[in-house]
Amino acid sequence: MNDITVLIPVSPMPSHPSSEVIDQTIASIRERLPDSEIIIMFDGVGPSLMELKTAYDQHVQDMLWKIEHELTNVTPLVFQEHSHQSSMVATAMDLVKTPTILWAEQDTPLHNDIPFPEIAEVVKTGYANVVRFHHEASVHPEHEHLMLDATPIDVLGVPMIRTRQWSGRPHLASTIFYKYLIGRYWREKMFIEHFLYGYCLAANYDEFRVHLYAPAGTQVRSLHLDGRRKGAENYDPNPS
């Protein structure tokens, strides 16, 4: 569908120069959103990761070749300096022309069925600013106090749980809302989750309006290839 622009941040991982991790993530997105533009944001290398720079530079070049010759409707943004997620997204949002964005880190492929048209409608109508896609089968007991609903509620026919818990895992969000966050809360050179988690927890619910997609059965709608720590070859593909 053309109502969604996908944002994928990329930074050095031990599995580079291999593209196996991001290839799986892109394939999972294309399977569900064949017509959406994907903006891949290639970060510069920070001082703490200089030992990965050679492999990472090769990875970026290989991906740029794929974008040019193999992939379709993919836009690369290459940052020469270390900019981190927050600064890269602030730049990328100037290119977004759709009412919603899908955030997916390079090692978090989508999983199982996701009714994107219905969920996008929930966001576009304002019932939710953010809809998270869970990486666990159900809400962890330690996180239950962050949920506003004990059981899923029906939102325009979509089962949802309202929550105060922000997550950097894949989520669909309002473009207008993300631009609002950039203007009000953004911090330079940080993981987005690191600063928004606390703001979301402390704010009035109606400001953030975060929902968790909570279908019957397993809630797992994204995986974690853990490319930073292990690399795709060691990933256990069987989700909980």
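For the full complex of protein chains and a 1.4 angstrom probe, list K66, K179 by accessible area with the highest value first.
K179, K66
Given Cα pairs under 8 Å that are at least 6 residues apart, what percent is the relative contact order of the chain?
Values: 455 pairs, mean separation 65.1, N = 240.
About 27 percent, as a whole number.
Once the whole set of protein chains is in place, how much accessible area is left on V96, using a 1.4 Å probe, in Å² to the nearest 10?
Solvent-accessible area, nearest 10 Å²: 10 Å².
Of the accessible area of the chain, with the probe set at 1.4 angstrom, what percent is carbon plus sulfur?
On the way: 5480 of 10890 Å².
With neighbouring chains kept in place, the figure for the chain is 50 percent.
Measuring with a 1.4 Å probe in the full set of protein chains, what accessible area per residue, in whole Å², belongs to the chain? Before the final figure, lay out the partial values.
Details: 10890 Å² over 240 residues.
Accessible area per residue, the chain: 45 Å².
Mind checking the dipole of the chain: about its Cα centre, +1 per Lys or Arg Cβ, -1 per Asp or Glu Cβ, Debye to the nearest 20? Working shown, then result.
Details: 19 positive and 31 negative charges, 118 e Å.
It comes to approximately 560 debye.
Take Q58 and L95, extend 7 Å from each Cα along the Cα→Cβ direction, and tell me the distance between the two endpoints in nm.
Those two pseudo-labels are separated by 2.6 nm.
Kindly state, to the nearest 0.05, the FRET efficiency for W65 paired with Y127, given R0 = 41 Å and r defined as their beta-carbon distance. The partial results should precede the final answer.
Working: r = 42 Å, r/R0 = 1.01.
Once the sixth-power term is evaluated, E becomes 0.50.
Assuming 0.36 nm per residue, please report the length gained on full extension of the stretch E144 to Y185 beyond their Cα-Cα distance.
Working: separation 41, 0.36 × 41 = 14.76 nm, distance 2.56 nm.
Length gained between E144 and Y185: 12.2 nm.
How many nm is it between the label spots at E31 and Y197, if each spot is 7 Å from the Cα in line with the beta carbon?
2.9 nm
Among V139, G126, P14, whose Cα projects farthest towards the positive end of the dipole of the chain, with charges put on the beta-carbon of Lys, Arg (+1) and Asp, Glu (-1)?
About the Cα centre, the residue reaching furthest to the positive side is G126.
The values are calculated or read from the model by the stated rules, or taken from the named source; none is laboratory data. In this text the structure is predicted, and so the values were computed from the model without any measurement. Positions of Cβ are backbone-derived with ideal geometry, glycine not excepted, and every protein chain shown enters the neighbour counts. Ligands, DNA and RNA are stripped out before the accessible areas are found, and what is left, the full protein with its side chains, is counted by its heavy atoms. Shrake-Rupley method; radii C 1.70, N 1.55, O 1.52, S 1.80 Å.
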